[in-house]
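See below for the structure under consideration.
The values are calculated or read from the model by the stated rules, or taken from the named source; none is laboratory data. Just so we're clear, the structure is a prediction, and the values are computed from it rather than from any experiment. Cβ atoms come from the backbone with ideal geometry, glycine included; neighbour counts cover every protein chain shown. Heads up: the accessible areas ignore ligands, DNA and RNA and are worked out on the full protein's heavy atoms, side chains in. Shrake-Rupley method; radii C 1.70, N 1.55, O 1.52, S 1.80 Å.
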Amino acid sequence: MMKIVILQIFTAFTIFLTGCAATVPQQNAPVEPEAVRYNILLDFDTANDRFSVTMQFDSLTYINNTLQFFPGGSWRGIDFGQMIRNLSAFDANGQISPVQRIGATQWRLLNPAEVTTIRYQIDDTRDLPENLRPPEMLGTALNENYAFINGGGVFGMLSGMEKSPLQLQINLPDGWQTGTALQPDGSGNFLATSFGNLLTSPILAGYLTEVHDRVMGSDVHMFCYSKTDKIVADHLFPHVRDVITATYHFLNDRLPLEEYTMLFVFEDLFAGGVEYQQSGAFIFEEDDLETIRVDVQDVIAHEYFHLIIPFSIRSDALSIDDFLRSRPTQHLWFFEGVTEWASDIIQLRAGLKDLRHYIVEDFRQKIFRETLFGSETSLSDMSLQSRGNPRDYANVYSRGALVAALLDIHLIDLTDGRRGLQDVINDLILDYGKSRPLPEDQFFEILIDYCGPEFESFIRKYIIGNAPLPYAEMLEKVGINYIESKLSEPAENDFGFFTGADERGVRILWIDDELAKFDVQKDDLLLAIANRRVTPENYQRLLYDELLPRMDIGERYPLQLVRNGKRIQRTAEIVQRKDRHLFSVPGMISPAQQRVREAWLRQLQ
């Protein structure tokens with residue numbers, strides 16, 4: 001699939017880095033009396049939709065003198081502080097108590113012991129400029145039909161009260177329903193065991209449809225908002241059940257949670273999903289269910305598997321108790337890449353997608369993205385650098401999944417079908433898990449130990465190192481032929497490069513080897529071609545609708561480029577187009593290939 005470009009790449013791992021905390025209690029768990037009470041009014045009658053929040057306390061001390069708003073974002077910071085309006089503190093008599101702003105997301109209570117109430121308004125993130133707006137499922141949304149509340153984008157936290165129990169009251173319009181993993185208190189309000197619990201329990205409210213059902217021993221609660229009611233929960237739920245059931249069998253007949261909440265918004269854009277530890281949030285462009293079903297299932301499968309990686313299997317560089325203690329990890333490739341591989345192979349092995357879809361739509365598209373994003377650095381280095389480099393984050397996602405797929409085949413082949421990456425993951429779940437993270441500096445050694453010493457060279461070449469991935473060699477083991485490229489038949493013309501637009505302009509993302517002799521390089525900024533100016537708005541039409549149809553193979557044309565801040569002139573040549581990353585499945589394969597393929601495609605009953 002992977003329509004999931006840079007926006008979707010902020011999956012569960014982003015939330016994990018920026019605020020996962022205590023597990024949401026079960027419905028019958030005892031809850032302490034709340035120390036902080038939040039009340040939210042939804043104001044969507046103004047030019048900027050806002051959440052009006054009141055915080056109330058019985059007593060504060062000098063320890064509780066700082067109000068902190070979430071400094072979210074692992075790849076790009078989310079400045080929730082800039083959306084705060086009219087923040088004031090009051091004593092028990094309703095008199096204003098002095099407050100001083102001391103940072104982008106912090107306010108100081110000058111006399112905290114007298115404060116009983118704090119009021120403020122905070123805009124939804126849809127009102128931020130596009131270049132500052134967080135991905136939709138990490139932000140907030142508010143309009144006359146629904147509200148999506150990501151805790152980090154609405155709630156402030158007082159110092160010293162991070163682990164205090166909380167009560168939340170939301171004042172909703174008539175006819176609205178609420179979906180959340182937070183525990184109801186029986187009077188229309190919700191309870192949280194701590195601020196971390198509140199932060200990792202998003203809320204969807206509005207004109208919703210819902211389903212509550214039990215799937216393979218897990219209570220699943222699904223809430224769905226659809227802009228024009230094209231998607232209703234009853235119709236979507238069978239596909240959710242299919243994915244969870246397939247995951248159950250992949251995990252040796254167990255699921256990671258006894259209770260799970262899913263929040264769906266079908267509106268104007270495809271943003272993907274985020275796993276929040278006890279609940280998943282998903283945002284898709286509304287369409288007929290059959291049209292978007294495959295993409296929806298792919299995202300659900302990916303996010304749900306994040307309950308295993310990294311919420312169960314993880315490096316100790318990542319904390320699920322204190323978001324401020326998480327640090328960069330060289331094993332992001334494992335958390336995102338292996339999860340993406342698992343989301344595909346789980347569906348393949350359960351019969352939710354066929355072999356052709358897996359190879360052409362999943363595997364092949366990841367190869368194209370890996371080519372575009374580049375593999376100049378290793379997966380482990382990409383993982384460490386990804387917080388400041390969205391392209392590395394994207395390639396961790398693609399190359400990481402490809403490496404996992406090839407490692408799985410390699411394991412199955414060398415163990416005569418007795419063991420694959422699925423078995424490695426299940427063993428790691430049993431031996432490690434939530435309470436026992438893997439040591440960051442021993443992660444590779446542990447993985448080698450669980451795979452076997454004969455796999456050390458594979459891991460060191462393709463994960464710690466950045467050697468070209470052995471697609472043909474590994475796929476041949478399961479009877480699939482792979483050709484990297486061949487000349488098109490009949491001959492068609494091509495520029496020999498692929499471009500993409502960003503805030504800097506139109507950039508060359510990939511070049512054919514034949515263009516190297518013309519000194520055209522990857523990452524060159526393209527200003528003009530054939531004496532025609534190139535812009536992000538016109539480049540697709542100009543290159544492929546206007547210029548290329550009128551040019552012949554071998555014809556030369558001028559280029560104006562920017563490289564390292566300097567303008568340069570080059571002359572390039574139209575080349576014969578190549579068909580790339582081609583696969584075929586022969587009708588006859590050897591007995592050895594058949595044995596490996598059967599183990600690889602083992603149907604899970």
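Residue-by-condition table, conditions (1) in contact with a strand residue (DSSP E or B) (Cβ under 7 Å, 6 or more places away or on another chain); (2) of a type outside the set (A, V, I, L, M, F, W, C); (3) within 19 Å of ARG101 (Cα to Cα):
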| site | (1), (2), (3) |
| --- | --- |
| THR125 | no, yes, no |
| PRO134 | no, yes, no |
| THR140 | yes, yes, no |
| PHE148 | yes, no, no |
| PHE155 | yes, no, yes |
| LYS163 | no, yes, no |
| GLN169 | yes, yes, no |
| ASP174 | no, yes, no |
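Determine, yes or no, whether ALA467 is touching a strand residue (DSSP E or B) at 6+ places or on another chain (Cβ under 6 Å) and either open to solvent by 50 Å² or more (accessible area, probe 1.4 Å) or more than 26 Å from LEU318 (Cβ to Cβ) (or both). Considered against the rule, which asks whether it is touching a strand residue (DSSP E or B) at 6+ places or on another chain (Cβ under 6 Å) and either open to solvent by 50 Å² or more (accessible area, probe 1.4 Å) or more than 26 Å from LEU318 (Cβ to Cβ) (or both), ALA467 comes out as no. The set of residues from the range 327-356 being open to solvent by 10 Å² or more (accessible area, probe 1.4 Å) and not in a helix (DSSP H, G or I) comprises ARG327, PRO328, GLN330, ALA350, GLY351, LEU352, LYS353, ASP354.
To keep it simple, each residue is scored yes or no on (1) touching an Asp or Glu at 6+ places or on another chain (Cβ under 7 Å); (2) open to solvent by 70 Å² or more (accessible area, probe 1.4 Å); (3) modelled with pLDDT of 95 or more; (4) on the phi < 0 side of the Ramachandran plot.
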residue	(1), (2), (3), (4)
ASN564	no, yes, no, no
ASP579	no, no, no, yes
VAL585	no, yes, no, yes
MET588	no, yes, no, yes
GLN603	no, yes, no, yes
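Here the range 578-591 is the region considered, the condition is being aliphatic (A, V, I, L, M) and in contact (Cβ under 8 Å) with a residue 12 or more places away in the chain, and the residue that is nearest to PHE368 (Cα to Cα) is LEU582.
All conditions but one from (1) at pLDDT 90 or above; (2) assigned to a helix (DSSP H, G or I) apply to LEU324; the one that does not is (1).
Of the numbered criteria (1) more than 29 Å from the chain's Cα centre (by Cα); (2) in a strand (DSSP E or B), the one GLY500 fails is (1). On the stretch given as the range 447-461, residues that are open to solvent by 20 Å² or more (accessible area, probe 1.4 Å) and within 17 Å of GLY400 (Cα to Cα) total 4.
For the range 503-521, residues that are within 34 Å of the chain's Cα centre (by Cα) and open to solvent by less than 50 Å² (accessible area, probe 1.4 Å) total 8.
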